[in-house]
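**Q** Sharing a structure with you now.
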Amino acid sequence: MLVLIGIIMIFSASSYVAGTRSEYNYDTFLFLKKQSFAVLLGTLLMYFMSNFNYRQLKKFSFLFYIIANSLLVFVLLFGVVKKGAKRWINLPLFGSFQPSELAKVAIILFISFLISKNKDILKNFLGHIICAIFVFITVILIALGNLSTAIIVTLIGSGIIFIASPFTTIFIIIGFTGICSLVSYIAFFAKNFRGARFAAWLNPFSDPTGTGYQIIQSLYAVASGGIFGLGLGRSRQKLGFIPEAHNDIIFSIICEELGFFGALIVLLLFSILIWRGIHVALNSTDLFGTLVASGITIMIASQAIINISVVTNSIPNTGVPLPFISYGGTSVAIVMMLVGILLNISRYSKK
């Protein structure tokens, strides 16, 4: 249902811009066709992974981790620059590919394997450091070109370690310190676009045509929807007011066209999916399955929460896609593949 809502809303949010600009060859259906192809690929991956015994993934987890990090290095050296960021690799037939999405899968599988293989590794401080180093390597490679995805990978890696660790206090201290350090850096030391984003979050109307523009237009869209929305396809903010309305900011178009009830349905679907993910993790027959299911659930939950928080200006603007819904072939195909793994874990769960 989330994927179908995504396809419909991507077409609604992108059709006007795609059909009126030469850079898109005036093709109204351009983004719909690209996303539909990615969803088809994602469906095949989901079906395959749901029938592939997840325990066999242990054999490939370290290799997958090495490949993912190698691709991140390749992107930094030879990646394609789009909109001022170097995050993509061009692949024949498939188009642009974002290795950072693959890195999320690598962290989930490898850290889960590392902990399940060495069950006593987290009984001492050194074991926590070893696991954290593997996460840190990937996070640094991603952060050099994409801070928002690096934050998601940090949440995934630290979340898996936290779930497997017998300690809790140290994580609360580290987490609180990390959040305070990040906020302090952005607020007082970051003079680039990240500092500007933080300032725009505090008062978007201080720069309504610059850094605060997207936030303001997003809030206009959310407010215009009211209870029942303007109607599917009737958004006004998508008519060139919100840049790239089909991307990370698409939840605002959902609010505008489908209203409070439409937004509530999307939130309810995410809540059900997260609840079932937690259920699968709790009922897995082995530690590896529990940690993989937990990592997948953390990834989906954190991205959904961060994306919706950005759209409603609850947190500073950051480029995190809404899982299953935002435009992005790599993102939707990878997350559907992960749901396939989640389905397979549930197949072997406790009766």
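We did not get these values from a lab; they are worked out from the coordinates using the rules stated. Since the structure is predicted, the reported quantities are computational estimates derived from the model, not experimental observations. Note that each Cβ is placed from the backbone with ideal geometry, even for glycine, and that neighbours are counted across all protein chains shown.
**Q** Please report, in cubic angstrom per residue, the volume enclosed by the convex hull of the alpha-carbon atoms of segment 239-335.
**A** Dividing the Cα hull volume of segment 239-335 by its residues yields 102 Å³.
**Q** Here is a further query. Work through the residues other than ILE253 whose Cβ is under 13 Å from its Cβ and net out their charges, Lys, Arg +1 and Asp, Glu -1.
**A** Details: positive: ARG234, ARG236, LYS238; negative: GLU244, ASP248, GLU256, GLU257.
Here the charged neighbours net out to -1.
**Q** List the pair-distance distribution P(r) of segment 294-351, using every Cα-Cα distance, as the percent of pairs falling in each 10 Å bin from 0 up to the bin containing the longest distance, rounded to whole percents.
**A** Bins of 10 Å from zero give 22, 44, 24, 9, 1 percent of pairs.
**Q** Step through the residues of segment 130-147 one at a time and calculate ³J(HN,Hα) from phi using the Karplus curve (6.51 cos²θ - 1.76 cosθ + 1.60, θ = phi - 60°), rounding each to whole Hz and writing x for Gly and Pro.
**A** Going residue by residue, I get 4, 4, 5, 4, 4, 5, 4, 4, 5, 4, 4, 4, 6, 4, 4, x, 7, 5 Hz, with x marking Gly and Pro.
**Q** Sticking with this structure for a sec: What is the sum of charges around SER309, taking Lys and Arg as +1, Asp and Glu as -1, for the other residues whose C-beta is under 14 Å from the C-beta of SER309?
**A** Values: positive: ARG197; negative: ASP248.
Summing Lys and Arg as +1 and Asp and Glu as -1 gives 0.
**Q** Whose amide H sits under 5 Å from the amide H of VAL80, counting only residues 5 or more places off or on another chain, with H placed in the peptide plane?
**A** ARG87, TRP88, ILE89, ASN90
**Q** Where in segment 5-60 are there chymotrypsin sites (Phe, Trp or Tyr not before Pro) that are in a DSSP coil and have at most 14 other Cβ atoms within 10 angstrom of their Cβ?
**A** TYR26, PHE29, PHE52
**Q** When N is the residue count of the chain, what does its C-alpha Rg come to as a fraction of 2.2 N^0.38 Å?
**A** Computed over Cα atoms of the chain, the ratio equals 0.99.
**Q** May I ask for the net charge around ILE296, where only other residues with Cβ less than 14 Å from the Cβ of ILE296 are counted and Lys, Arg are +1 while Asp, Glu are -1? Kindly include the intermediate steps, with their values, before the conclusion.
**A** Details: positive: LYS104, ARG276; negative: GLU101.
Summing Lys/Arg as +1 and Asp/Glu as -1 gives +1.
**Q** Additional query: Going highest first, how would you order 198-205, 116-123 by mean Cβ packing within 10 Å?
**A** Peptide ranking by packing, descending: 198-205, 116-123.
**Q** Given N residues in segment 23-181, what is Rg(Cα) / (2.2 N^0.38 Å)? Please report the intermediate quantities before stating the final value.
**A** Details: Rg = 18.2 Å, N = 159, 2.2 N^0.38 = 15.1 Å.
The reported ratio for this selection is 1.21.
**Q** Can you work out the Karplus-derived ³J(HN,Hα) for every residue in segment 287-303? Use 6.51 cos²θ - 1.76 cosθ + 1.60 with θ = phi - 60°, whole Hz, and x for glycine or proline.
**A** 5, 4, x, 4, 6, 5, 4, 5, x, 5, 5, 4, 4, 5, 5, 5, 5
**Q** Tabulate in residue order the Karplus-calculated ³J(HN,Hα) for segment 237-249, using 6.51 cos²θ - 1.76 cosθ + 1.60 with θ = phi - 60°, rounded to whole Hz; enter x for Gly and Pro.
**A** Values per residue, Gly and Pro as x: 5, 6, 7, x, 7, 8, x, 6, 4, 7, 8, 5, 9 Hz.
**Q** Another question, if that's okay. Only loop residues by DSSP count here, and only those with at most 10 other Cβ atoms within 10 Å; note down the trypsin sites (Lys or Arg not before Pro) in segment 10-92 that meet that.
**A** Passing sites in segment 10-92 are LYS83.
**Q** Can you list residues from other chains, or at least 5 along the same chain, whose modelled amide H is less than 5 Å from the amide H of SER96?
**A** LEU91
**Q** Is there a pair in LYS59/LYS119; LYS33/LYS104; LYS34/LYS82; LYS58/LYS86; LYS104/LYS238 whose C-alpha atoms are over 21 Å apart, and which pairs would that be?
**A** LYS33/LYS104; LYS58/LYS86; LYS104/LYS238
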